[in-house]
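The values are calculated or read from the model by the stated rules, or taken from the named source; none is laboratory data. Because the structure is predicted, anything quoted here is derived from the model rather than measured. Methodologically, a virtual Cβ is constructed for each residue, glycine included, from the backbone with ideal geometry; neighbour enumeration extends over all protein chains shown.
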Amino acid sequence: MAVSWIYQDPVVSPSPHQMIQVSVKAAGAANWTTTTLAQSTIGGVAVTAIVPVAVDAMGNVTAAWTLWNGTIHIVQAATLAKGGVWSAPASLAPGVDGLYLSLAINARGDAAVAYTLSPYTSYVTGTSAQYVFRSGPNGVWTPPVVVSETLSSTAGYITSPLVALDASGLATVAYLGNGAEAVRQLAPGVWTPPQVVLPSPNAVSSFQSLDLGADQNGNAILAASIFDATINVDRASVWVAAGSPGGVWTSPQRLTDPAVPVDAYATRVAVSPDGVLGLVGWIDHYHGTVQVSQFANGFWSAASTIGRGTAFSSFQEVLGLDAASGTVARAIWKNAKAGTQTMASSYGR
């Protein structure tokens, strides 16, 4: 098991730092081992950062992050070989100011990172989604490849990249640009053109959350919560589309009923490696419930309520969803109806 976070020194420290930290607990071990992988002084544009971490089938751990170095946010990654020590941080995008990264890993240890150029330093040149890949846990990261269109400052920004890998190491990358867009890698170095998979329903809509999942064969699900600011609507709906290994996507489908006051946020996707189980979950802000819809035989089921969600007007909806196999899945979320609690529900067993 691996847990990651960013630690910041107390503000009273004479030289405050932020540190990239990961704690790992091997099977059978009694204790967790925490390691600081990188650190820098606190500063720069205030952008919320995360440290995605993943474990392959052999027990190797990979972590990726962005870190302000005083000038730009550098994109780095490190690997902990099973039974070994952490590698030195690898620079994935030298000289690039990268934000909003995503990490994916498959069973054999192939890893991929997608990130976008910072809109703050790329104002003149424009923003794009970029992709790097590592073959196996001991491979070398490839040079960055631009996988999206490039949007200029007058056209908008490319943000919120997501990446998923199949068993062969081929990737699906999604991001927010002219709606929710996606590209599919057909072979090493060969990508489909960027495609708007989930368009904005109207001119007064905005994307609240975006998530991507894929099975070992490259079948993918892309979902988003899209808020409609139309007068007398003012709520978010869950939209979804399914993609094939060849990069062909179904038409967008709305999973929540537009005729009832459902206000859906924290949309999450889970796809089992064998492709048998596909799930999309969300928190209905209006009713304070957690709901999940299941994808089978090309159709989405009616939403099932699996628990109580965040209360109306609470600070933030938080939901996690994962499918370990075609018969086992789990959801975990925050419930703020009677004090803040962490809730969980299992599918199958």
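Considering region 147-178, and only residues there that are surrounded by fewer than 19 Cβ atoms within 10 Å (Cβ to Cβ) and of a type in the set (Gly, Ala, Ser), the residue that is nearest to Thr267 (Cα to Cα) turns out to be Gly156.
State all residues of region 122-152 that are of a type in the set (S, T, N, Q) and either more than 30 Å from Leu80 (Cβ to Cβ) or touching a residue at least 24 places away in the same chain (Cβ under 8 Å) (or both); if no residue qualifies, say none. Within region 122-152, Ser122, Thr125, Thr127, Ser128, Gln130, Ser135, Asn138, Ser148, Thr150, Ser152 meet the criteria. Hey, could you check region 187-235 for residues that are of a type in the set (Asp, Glu) and touching a residue at least 40 places away in the same chain (Cβ under 8 Å) and say which is nearest to Gln130 (Cα to Cα)? So the residue we want is Asp211. Restricting attention to region 204-218 and to residues that are assigned to a strand (DSSP E or B) and among the small types (Gly, Ala, Ser), the residue that is surrounded by the most Cβ atoms within 10 Å (Cβ to Cβ) turns out to be Ala214. As a summary of the residue check, Val260 satisfies the conditions (1) in a loop (DSSP other than H, G, I, E, B); (2) surrounded by 14 or more Cβ atoms within 10 Å (Cβ to Cβ); (3) free of Cβ contacts under 8 Å to residues at least 60 places away in the same chain except for the one numbered (2).
Considering the conditions (1) surrounded by 16 or more Cβ atoms within 10 Å (Cβ to Cβ); (2) modelled with pLDDT of 95 or more, Lys25 is excluded by exactly one of them, (1). Here is the figure for region 219-253: residues that are in a loop (DSSP other than H, G, I, E, B), at pLDDT 95 or above and not small (Gly, Ala, Ser) total 5.
Taken over region 33-56, the residue count meeting the criterion of being part of a loop (DSSP other than H, G, I, E, B) and at pLDDT 95 or above is 3. Scanning region 68-102 for residues that are in contact (Cβ under 8 Å) with a residue 24 or more places away in the chain and closer than 14 Å to Thr116 by Cα yields a count of 14. Within region 320-329, if we keep just the residues that are in contact with a Gly (Cβ under 8 Å, 6 or more places away or on another chain) and surrounded by 15 or more Cβ atoms within 10 Å (Cβ to Cβ), the residue that is farthest from Arg308 (Cα to Cα) turns out to be Gly326.
Scanning region 7-22 for residues that are surrounded by 16 or more Cβ atoms within 10 Å (Cβ to Cβ) and either in contact with a His (Cβ under 7 Å, 6 or more places away or on another chain) or more than 17 Å from Ala88 (Cα to Cα) (or both) turns up just one, Gln18. Select from region 133-158 the residues that are among the β-branched types (Val, Ile, Thr) and under 11 Å from Glu181 (Cβ atoms) and list them in ascending order. Listed by number, the residues that qualify are Val147, Ile158. On the given criteria, is Ala78 crowded, with 22+ Cβ neighbours inside 10 Å and modelled with pLDDT of 95 or more? So Ala78 does not fit the description; no.
Pick from Thr71, Thr66: which is under 24 Å from Gln8 (Cα atoms), of a type in the set (Val, Ile, Thr) and surrounded by 23 or more Cβ atoms within 10 Å (Cβ to Cβ)?
Working: Thr71 fails: surrounded by 23 or more Cβ atoms within 10 Å (Cβ to Cβ).
Answer to the check: Thr66.
So which of Pro201, Pro144, Pro193 ends up being in contact with a strand residue (DSSP E or B) (Cβ under 8 Å, 6 or more places away or on another chain), of a type outside the set (Phe, Trp, Tyr) and surrounded by fewer than 16 Cβ atoms within 10 Å (Cβ to Cβ)?
Values: Pro201 fails: surrounded by fewer than 16 Cβ atoms within 10 Å (Cβ to Cβ); Pro144 fails: surrounded by fewer than 16 Cβ atoms within 10 Å (Cβ to Cβ).
Unique residue meeting the criteria: Pro193.
Results for (1) polar (S, T, N, Q); (2) touching an Asp or Glu at 6+ places or on another chain (Cβ under 6 Å); (3) closer than 16 Å to Ala214 by Cα, shown as yes or no for each residue.
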residue	(1), (2), (3)
Ala236	no, yes, no
Arg254	no, no, no
Ala266	no, yes, no
Val269	no, yes, yes
Gly278	no, no, yes
Ser301	yes, no, no
Arg308	no, no, no
Ala323	no, no, yes
Asn335	yes, no, no
